[in-house]
Every structure is written in structure tokens, then in C-alpha cells.
Amino acid sequence: MPFTLATWNINSVRLREPIVLKLLEDEAPDVLCLQECKSPVEKIPLDGFRALGYNYIVARGQKGYNGVAILSKIPMVDAGEQDFAALGHARHVAGKLENGVTIQNFYVPAGGDVPNREVNEKFGQKLDYLTDMRDWFNADKPEKSILVGDLNIAPREDDVWNHKQLLKIVSHTPIEVEHLAETQDAGNWVDITRQDIPEGQLYSWWSYRAKDWAAADKGRRLDHVWATSDISNAGHGSRVLRDARGWEKPSDHAPVFATFDL
DNA sequence: ATGGTGGGCGCCCCA
């Protein structure tokens, strides 16, 4: 059975309930993973999602910051969470679907402005978060799993608008890219988006601070869809719904899609 | 070198 999944950093699920509903109505993915919900779980507006058939929902939240959720039309038979790097943040939730696939949904710390853990605690927390992910995957190798989320790292030269100009900018520094690669290797994860779209510039985030985000097109690919190597061949049809960045009251991220024939 | 915008919360944090 083929199923389609999307991941979207929504930057407040309460403020942007209308565009979440629009995405679910227009595109109808079987599974939608959200990050930066910025809401306690009990204040997430679930009724509208349920009315569209997303009856299986797991979420983790806290007041004002972070927060992740998985909305699914496919029954979920198990759920879990991990507090990587012991930050006490709602940055991870996992759900096992009835079809045997496990979804890992992550919101990796952004890491602040200065790429030096000696002077910027947040950068150290970001690296530690990735190291903890790596160790977790090494200790318990994932199988038949899909990892999605805002990983806050654009690893490839063509994942950013200007590689040289961003080498010292948090999200594209070599040490972050190295940490991400170690995490990816530890879980035998395959980058499905780049398996499908191997060539060319590809972004999923554009800053709010640009006068005209589309004209400037100074984007970064921060949002990812990975799959374990045992199911990576089933992945296809990846795309970034760039249009959503131009919707009414948009998130600064666009949704990333992939389809799996399993 | 800097400031630009946006969300949540409440006199400032975070992205």
C-alpha cells in the first residue's frame, strides 16, 4: 500500500490552524508531521484535523516553545518520545503505524547565532542533541523507519543559496554537517529527498526578514525525510511545496513530501 | 557590520 507523508515546521499550530487545514484538504497526505507547534498538547486544535480523517494523533508540547506532532489517517499502534541531550524540550515524538512503519519526528535545536560552543551554549546543545541521536541509533538500530523533521542543518552545498557565504553561518557549518552525517550513518538512514531529487538547489526554508523571499530566493534545506536502508527503495515522489511559503500568514518553512510503496 | 521579521509571552524569550 503506497502512502504519502509530509513534514512541516508550522511555527505555531494555533495561529496557523487555517493553513494546516488547507494543506490537509489540498494535498491529503496520509501522515503529517509538525514541528514548532508552540503549544501545550491540550491547546492544539485537533477537532478540525479529526474532521478531515486524521483520527490518530500523537503530540508532545510545552508552553510557547518547541512542540511536535504526528497526524495520521493510518492507525497508530504505538507511540514514544525521547529527551535527547536532556534539555527537557518537546522536540521528539515517535509513532508506529499499523502498516509496520515507525515514524520518528524531530525538531533539532536551532543552535543560536554563534557557531562556537565555548561562547554560545545553544550551539553546544545542538551538537549534543545530534550526538545523543547518533548514540541512540547505534544502541538500537532502527528498522522499517522513516525519520522526518526540522533538523536545522542544510548539509549539501546545493542545500543553501550560497555555500561559501554560509560556511560560518549556523545550519551550514562543517561541524554541524559532520554531526548530522554521523547520526545518519548510525541509523543506516538514507536521505530520501536527495535520493529522489539528486541535482540542483533545493530549499525548504526562507527567512521572514527578506523583503521579497521568492525574488531573493535565499533559502536553505533544513527539513528532511530519511528512511532506513531496508525500505529506502520504496521511497519516491519527493517534493517541496514551495507554494505554501506564500500562503496567507505563512510559516517560514514549506512542507516536504515523500511517498512510499510498502 | 548591521538589521531586517515573526511568534509567544508578559516588560524579553526564541527562531
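The values are calculated or read from the model by the stated rules, or taken from the named source; none is laboratory data. All values derive from a computational prediction rather than experimental measurement. A quick note on method: Cβ atoms are made from the backbone with ideal geometry, for glycine too, and the neighbour counts reach across all protein chains shown. The accessibility values were calculated without ligands, DNA or RNA, using every heavy atom of the protein model including side chains. Shrake-Rupley method; radii C 1.70, N 1.55, O 1.52, S 1.80 Å.
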Self-check item: Carbon and sulfur %, accessible surface of the range A:196-251 computed with the full protein complex present, 1.4 Å
Solution: 47
Quiz item: Given the alpha-carbon gyration tensor of the range A:2-261, what are the semi-axes of its equivalent ellipsoid in whole angstrom, ordered largest first, with each equal to the square root of 5 times an eigenvalue?
Solution: 25, 21, 19
Practice problem: Using a 1.4 angstrom probe, figure out how much accessible area chain A has per residue, in square angstrom, rounded to the nearest whole. | Solution: 44
Quiz item: How large, in percent, is the carbon and sulfur part of the accessible surface of the range A:4-88 at a probe radius of 1.4 Å?
Solution: 44
Quiz prompt | Cβ-based net charge around A:Pro75, under 12 Å, with every Lys or Arg adding one and every Asp or Glu removing one | solution = -1
Practice problem: Using only Cα atoms, locate the centre of the range A:97-113 and the centre of the range A:122-194, then give the distance between them in Å, rounded to an integer. | Solution: 12
Exercise. Sum -39500 (n - 2.57) across every DSSP H segment of at least 4 residues in chain A, then divide by the residue count to get the 222 nm mean residue ellipticity, nearest 500.
Key: -6500 deg cm²/dmol
Quiz item: Dipole magnitude of chain A about its Cα centre, charges +1 at Lys/Arg Cβ and -1 at Asp/Glu Cβ only, in debye to the nearest 20?
Solution: 760
Exercise. Quick one, can you get me the convex hull of the C-alpha atoms of the range A:1-145 expressed as volume per residue in Å³?
Key: 119
Quiz item: What length, rounded to one decimal in nm, is gained on full extension from A:Asp243 through to A:Glu182, with 0.36 nm per residue of separation minus their alpha-carbon distance?
Solution: 18.7 nm
Self-check item: Cβ charges +1 (Lys, Arg) and -1 (Asp, Glu), total dipole of the range A:184-247, debye
Solution: 420
Quiz item: In whole percent, what relative contact order does the range A:2-261 give with Cα contacts below 8 Å and a gap of six or more residues?
Solution: 19
Practice problem: Can you check what the net charge comes to around A:Arg117, using other residues whose Cβ is under 12 Å from the Cβ of A:Arg117 (Lys, Arg +1; Asp, Glu -1)? | Solution: -2
